[in-house]
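Scroll down for the structure; my scribbles are underneath it.
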Amino acid sequence: MSAPTTTDRLSASNDPPAQASIDDTLAVHPATHDSLTGDCLGDGLGDFASEYERVRRLTEQLAAPLTPEDQTVQTMPDVSPTKWHRAHVTWFFEAFVLAEHQPGFSMFQDTYWTLFNSYYESVGARYPRANRGHISRPGAHDVGDYRRHVDDRMLDLLSARLSGKRSDGGRPEDDALRALVSLGFHHEHQHQELLLMDIKHVMSRNPLEPVGYPGPRVAPRSPSTASWIEFGGGVVDAGNSSDGFHFDNEEPTHAVFLRPFRLADRLVTNGEWLEFMTDGGYERHELWLSDGWARVNEEKWCSPLYWTRDGSQWREHTLHGTRPVRLDEPVVHVSHYEADAFATWAGKRLPTEFEWEHAMRESMVAPPPRDDQAHRIDQEDGIEGFHPAADTGGTGMRQVFDSAWQWTSSAYLPYPGFTTPAGAVGEYNGKFMSGQMVLRGGASVTPKGHARVSYRNFFPPHARWAFSGVRLADTQTT
Ligand SMILES: [Fe+2]
């Protein structure tokens, strides 16, 4: 028997779950951050090769509990099969890094460049997104081979070109490579969250109610009391122009005028959402935006996406199984339309993205640190932490990065002075700045090191399958 290669260590999806190593991966994944700038390059984490291994390993370990059949299903056009995510993030490194920087580069399979190209028109042809579930071959095992092929070449390249500490700066001629590899890390972070969102939808359509990720039961608690935190407003800065990693859509920084406002210190709970439902929230047109009311009627919305009625009880599908709705947990999987209707019903409103960002800066709220244990994997009890936990109370802003993305009332638009980067990476964000709303914060399924105060997530206003929740805002009148 030959000694295990690097890529043997990285690929786990063809093998039984290895809980101890999952624990290790999530506990150290990926980067510490400067709390407000999202600096994950100057943190002394080690070299790019080590970070590459860490990021790639997590994807495989999230997929490891899923069977090849689980990994093939697509339950709606927005959902991609798990094996597609595993292959697409691999294609991203192959197409954007290896093709550009590896001497003597050749494709693993030319057909993969069509199958696993998501939306990059300038790279070439694409297979229709809505049909990704039609592709039984390459299978999950074949995708593992693809990942190993690219991992071997990426690690060779990183060792040869970017072997120093990332905080050392490195050679100027390697700047473009450093930027692309960093983008690849954060791209794979995004798909790790998408993988969990999508497999949750897949599992929800199975009447056997499969448990994607076993987790211990958590005893319900009494919901905490929400309080308001006040902010004076004025002319404030928004955006991120730091040296730390951030996406192009967070630039450039610019001044924004805010009226005095206040923000709830925790997210809206399931219990509060039930009050909205009991008061006819889904039946009163006056609470809804016109497009939202049309969706309510067309799609028969009467509760958050994963709630089902069982006699007199509401049950909720989670990544850890289906169980009664817990009143103390934050509501999740509601659309922008529902969030807006709830706020109207409550006599409040949603925050703008600029209010949200200013409030979190003023509150000195930091994303979960690298050694945070919120996503703990327990060897005996399984996986916990993929569902938002109840607020534990206290003072200050809470449930900012670790529970549910928070809808804002801001349309996803370019900041003043935004320019699209040259080349295919210019298609990453800018071309989606139409018909979508901004969400801020982070969710229980967001990988550590990915969220930051200036981060702009975005989805269409009717989307419900993301881990999206509600933080209320109010305008101060005195
Ligand atoms: Fe992608």
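The values are calculated or read from the model by the stated rules, or taken from the named source; none is laboratory data. All figures in this text were calculated on a predicted structure; none of them were measured in a lab. Reconstructed Cβ throughout: ideal geometry from the backbone, glycine too, with neighbour counts over all protein chains shown.
Looking at T90, T72, which is the one that is within 14 Å of the ligand (Cβ to nearest atom) and β-branched (V, I, T)? Walk me through it before giving the result.
On the way: T72 fails: within 14 Å of the ligand (Cβ to nearest atom).
The unique qualifying residue is T90.
Regarding S182, is this residue modelled with pLDDT under 95, surrounded by fewer than 19 Cβ atoms within 10 Å (Cβ to Cβ) and assigned to a helix (DSSP H, G or I)? Walk me through how you get there before you give the answer.
Details: modelled with pLDDT under 95: yes; surrounded by fewer than 19 Cβ atoms within 10 Å (Cβ to Cβ): yes; assigned to a helix (DSSP H, G or I): yes.
So S182 fits the description; yes.
I need a count of the residues in region 253-280 that are assigned to a loop (DSSP other than H, G, I, E, B), more than 14 Å from A341 (Cβ to Cβ) and β-branched (V, I, T). Spell out the reasoning first.
Quick first cut of region 253-280, residues assigned to a loop (DSSP other than H, G, I, E, B) only: 253, 259-260, 265-268, 279-280.
With more than 14 Å from A341 (Cβ to Cβ) added as a condition, the list becomes 253, 259-260, 265-267.
If we keep only those that are β-branched (V, I, T) as well, we get 253.
Counting residues in region 253-280 that are assigned to a loop (DSSP other than H, G, I, E, B), more than 14 Å from A341 (Cβ to Cβ) and β-branched (V, I, T) gives 1.
So which pairs qualify, if the first residue must be in region 112-128 and closer than 22 Å to H149 by Cα, the second must be aromatic (F, W, Y) and in a loop (DSSP other than H, G, I, E, B), the Cβ gap must be under 6 Å, and the two must be at least 6 apart or on different chains?
T114/Y127; L115/Y127
Between residues in region 256-270 that are at positive phi and residues that are in a loop (DSSP other than H, G, I, E, B), which pairs lie under 9 Å by C-beta distance while being six or more apart or on different chains?
Correct list of pairs: empty, since none qualify.
Taking region 181-218 on its own, how many of its residues are among the charged types (D, E, K, R) and closer than 27 Å to V425 by Cβ? Break it down stepwise before answering.
Taking region 181-218 as the starting set, the residues that turn out to be among the charged types (D, E, K, R) are 188, 193, 198, 200, 205, 209, 217.
Those still in the list that are closer than 27 Å to V425 by Cβ too: 188, 193, 198.
Summing the residues that are among the charged types (D, E, K, R) and closer than 27 Å to V425 by Cβ in region 181-218 gives 3.
Filter region 100-129 down to the residues that are within 16 Å of the ligand (Cβ to nearest atom) and part of a helix (DSSP H, G or I) and list them by number. Working first, answer last.
As a first pass, look at region 100-129 and keep what is within 16 Å of the ligand (Cβ to nearest atom): 112-124, 126-129.
Residues satisfying the conditions are Y112, W113, T114, L115, R129.
Can you list residue pairs whose Cβ atoms sit under 6 Å apart, with the first residue in region 181-195 being more than 17 Å from M154 (Cα to Cα) and touching a residue at least 60 places away in the same chain (Cβ under 8 Å) and the second being within 11 Å of the ligand (Cβ to nearest atom) and of a type outside the set (G, A, S)? Count only pairs 6 or more apart in sequence or on different chains.
H191/H85; H191/V89; L195/H85
Residues of region 215-241 being assigned to a loop (DSSP other than H, G, I, E, B), at negative phi and crowded, with 18+ Cβ neighbours inside 10 Å, which ones? Break it down stepwise before answering.
Residues of region 215-241 assigned to a loop (DSSP other than H, G, I, E, B): 215-227, 232-233, 239-241.
Filter again for at negative phi, leaving 215-227, 232, 240-241.
The answer is G215, P223, N240.
Out of all the residues in region 130-149, which are basic (K, R) and within 16 Å of the ligand (Cβ to nearest atom)?
To start, the set of residues in region 130-149 that are basic (K, R) comprises 132, 137, 147-148.
Answer for region 130-149, where residues must be basic (K, R) and within 16 Å of the ligand (Cβ to nearest atom): R132, R147.
If I ask for residues that are crowded, with 24+ Cβ neighbours inside 10 Å and either at negative phi or acidic (D, E) (or both), which ones from region 405-441 would you list? Please lay out each step first, then the result.
Taking region 405-441 as the starting set, the residues that turn out to be crowded, with 24+ Cβ neighbours inside 10 Å are 405-408, 437-441.
Those that are crowded, with 24+ Cβ neighbours inside 10 Å and either at negative phi or acidic (D, E) (or both): W405, Q406, W407, T408, M437, V438, L439, R440.
What number of residues within region 281-308 are out of contact with any His (no Cβ under 7 Å at 6 or more places or on another chain), of a type in the set (F, W, Y) and not in a strand (DSSP E or B)?
The qualifying residues number 3.
So A463 ticks every box in (1) touching a Ser or Thr at 6+ places or on another chain (Cβ under 8 Å); (2) outside any loop (DSSP other than H, G, I, E, B) but one. Which box is left unticked?
(2)
Within region 194-205, can one find any residue that is away from the ligand (no atom under 16 Å from the Cβ) and surrounded by fewer than 18 Cβ atoms within 10 Å (Cβ to Cβ)?
yes
If I filter region 150-173 for residues that are assigned to a helix (DSSP H, G or I), within 16 Å of the ligand (Cβ to nearest atom), in contact with a Ser or Thr (Cβ under 9 Å, 6 or more places away or on another chain) and at negative phi, do I get at least one hit? Outline the logic, then answer.
Filtering region 150-173 for residues assigned to a helix (DSSP H, G or I) gives 150-161, 166-168, 172-173.
Filter again for within 16 Å of the ligand (Cβ to nearest atom), leaving 150.
Checking which are in contact with a Ser or Thr (Cβ under 9 Å, 6 or more places away or on another chain) leaves us with 150.
After this cut, where a residue has to be at negative phi as well, the list is 150.
Within region 150-173, one or more residues are assigned to a helix (DSSP H, G or I), within 16 Å of the ligand (Cβ to nearest atom), in contact with a Ser or Thr (Cβ under 9 Å, 6 or more places away or on another chain) and at negative phi.
So the check is Cβ under 7 Å with 6+ separation or different chains; which pairs have a first residue in region 306-321 that's in contact (Cβ under 8 Å) with a residue 60 or more places away in the chain and a second one that's part of a strand (DSSP E or B) and acidic (D, E)?
Every condition considered, the pairs that remain are Y306/E316.
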